[in-house]
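Working notes, structure below.
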């Protein structure tokens, strides 16, 4: 329970109130009346969450709300108010629920003051290493950072942790990796001219000047950005033969606006797999942040000839914010709640949301049941799934179903996503500050789910070290290929 995790949380909120004024000195302040209006909108929006009191009691959460509300009797900066709201959402401990800055706030900061010129990696043991040096700065890749602006790495993480909502700490570290400038601002009110203490062969200290936003953008044309573009085009996948008899399907996200195109890809892919004489198929869901669990079923039908569930159960909360969410996007629903809305491949009963009483739940299990389907090019060989801490949401539920129904072997790290999680978030912009809030609406149980914070544990554990990450060599894939060869050799032995 959060009562044990945050024994000094009242002191944290006191510090938060004091520090907000300091942070606000360098930017325009938001009037207290506007803050109070936004806070009222925020508290009303909290109703959308299916179970906000799983990890903190309602009475304790209410006390934190009152503490923050009382502190809004004076103006705050955008950054200061962001901290207040995000610290409350973080108490829910749900990675699909989050707070984000007003549109262009962070981008404008980067354009004005530049960008932090290194890509950092926060390990599962809470150590920080430099992976990439964007502007030929003094700190070399693979250097270990031991202090930032005079505080230790542990202290830095302790400062920013209360603003991040997550289920597992390993996924929290991924969240920080993806937006280091943001968390430097939360800790130091800046990302430029920070004093970095680091170790390579000797312990060294340097002041890091930022690089220009324009130059920084050039270095962001990385694999993840390209994958995001593929997902936006409805092509969140690719296939290639990596070795004789070994094929690789890479799924970047379980989302596609065109299910027909996705099914065509699967059909063509498994036809090619047969043509390539593949005996061992690797499905890579590393770096996959999720999508729709139902999409995964299309792939499972090619590697499984039995019954399975893509999700054990779903409990969607009906609420006034959820109703308003659809009324705003489809105004015709206000006059005609029975209006027919085309269903997509993930489960969302809009009619139940609009017509059922607020506070009730729409429970569903049968929707996720999958009967065997005989595909033309079904695969009958060995299947391996690659996971890492970035495998989240629908990706971790994919791994859970794969493991639950013994479809093959998982190689890699425990997933950042958990077997029981909250998802299907809706978003709202607070009208005066422009700060956005995203809250889950549904509690989901994956196949074979038992414990609240349990990720999917691989059958064979593998995690690349820093030198392997810096080298850009996919050691995880090569390790899996060695595993496949060992499995094949053992089968051939008398």
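Nothing in this text is a laboratory measurement; each read-out follows from the coordinates by a stated rule. Every value quoted in this text rests on a predicted model; they were computed, and no experiment measured them. Counting neighbours? That spans all protein chains shown, and the Cβs are built from the backbone with ideal geometry, glycine included.
In nanometres, what is the gap between the two model label sites at residue 429 and residue 271, each 7 Å from Cα along Cα-to-Cβ?
A separation of 4.5 nm, rounded to one decimal place.
Taking 7 Å along the Cα-to-C-beta vector as the label spot, tell me the residue 202-residue 324 distance in nanometres, rounded to one decimal.
With each label placed 7 Å out from Cα toward Cβ, I get 6.1 nm.
Can you sort 389, 93 by how many other beta carbons sit within 10 Å, fewest first?
93, 389
Quick one: if the Förster radius is 56 Å, what FRET efficiency do residue 475 and residue 335 give, using the C-beta to C-beta distance and rounding to 0.05?
Computed FRET efficiency for residue 475 and residue 335: 0.45.
Run lengths n ≥ 4 of DSSP H only: what is the helix-derived mean residue ellipticity at 222 nm for the chain, with -39500 (n - 2.57) per run over all residues, to the nearest 500?
On the way: 19 runs with 195 residues, N = 494.
Helices in the chain give a 222 nm mean residue ellipticity of -11500 deg cm²/dmol.
Give the separation of the Cα centroids, the range 418-476 to the range 173-222, in Å.
24
Need one number: nm distance between label points at residue 376 and residue 305, each 7 Å from Cα along Cα→Cβ, rounded to one decimal.
1.9
Over the chain, what is the mean sequence separation of C-alpha contacts under 8 Å (at least six apart), divided by residue count, expressed as relative contact order in percent?
Once normalised by length, the contact order is 16 percent.
Classify the range 112-222: rounded, prolate or oblate, from the alpha-carbon gyration tensor (a ≥ b ≥ c, eigenvalue square roots; a/c under 1.5 rounded; otherwise prolate if a/b is larger than b/c)? Could you put the intermediate results ahead of the total?
Numbers: a/c = 1.43, a/b = 1.18, b/c = 1.21.
Rounded is the answer for the range 112-222, as its axis ratio a/c remains below 1.5.
In which sequence would 200, 184, 386, 46 go, from the one with the fewest C-beta neighbours within 10 Å to the one with the most?
200, 46, 184, 386
Please report the antiparallel percentage of DSSP beta bridges with both residues in the chain, rounded to the nearest 5.
Taking every DSSP beta bridge with both residues in the chain, the antiparallel ones total about 75 percent.
I need the shape label for the range 382-494. Rule: rounded when a/c is under 1.5, else prolate if a/b > b/c, else oblate, with a, b, c from the alpha carbon gyration tensor.
oblate
Take the alpha carbon atoms of the range 231-289, find their center, do the same for the range 43-94, and report the distance between the two centers in whole angstrom.
42
What's the FRET efficiency of residue 243 with residue 492 using the Cβ-Cβ distance as r and R₀ = 22 Å, to the nearest 0.05?
E(calc), rounded to 0.05, equals 0.85.
Quick check on the chain: take the gyration tensor over C-alpha atoms, sort the square-rooted eigenvalues as a ≥ b ≥ c, and tell me if it's rounded (a/c under 1.5), prolate or oblate.
Since a/c reaches 1.5 but b/c is at least a/b, the shape of the chain is classed as oblate.
For residue 112 and residue 33, what is the calculated FRET efficiency with R₀ set at 30 Å and r taken between the beta-carbons, to the nearest 0.05?
Efficiency, from the Cβ-Cβ distance: 0.60.
Going by how many other Cβ atoms sit within 10 Å of their own, how do 279, 49, 31, 445 line up, fewest first? Don't skip to the answer; put the middle values down first.
Details: 279 16, 49 25, 31 12, 445 20.
By the 10 Å Cβ count, ascending: 31, 279, 445, 49.
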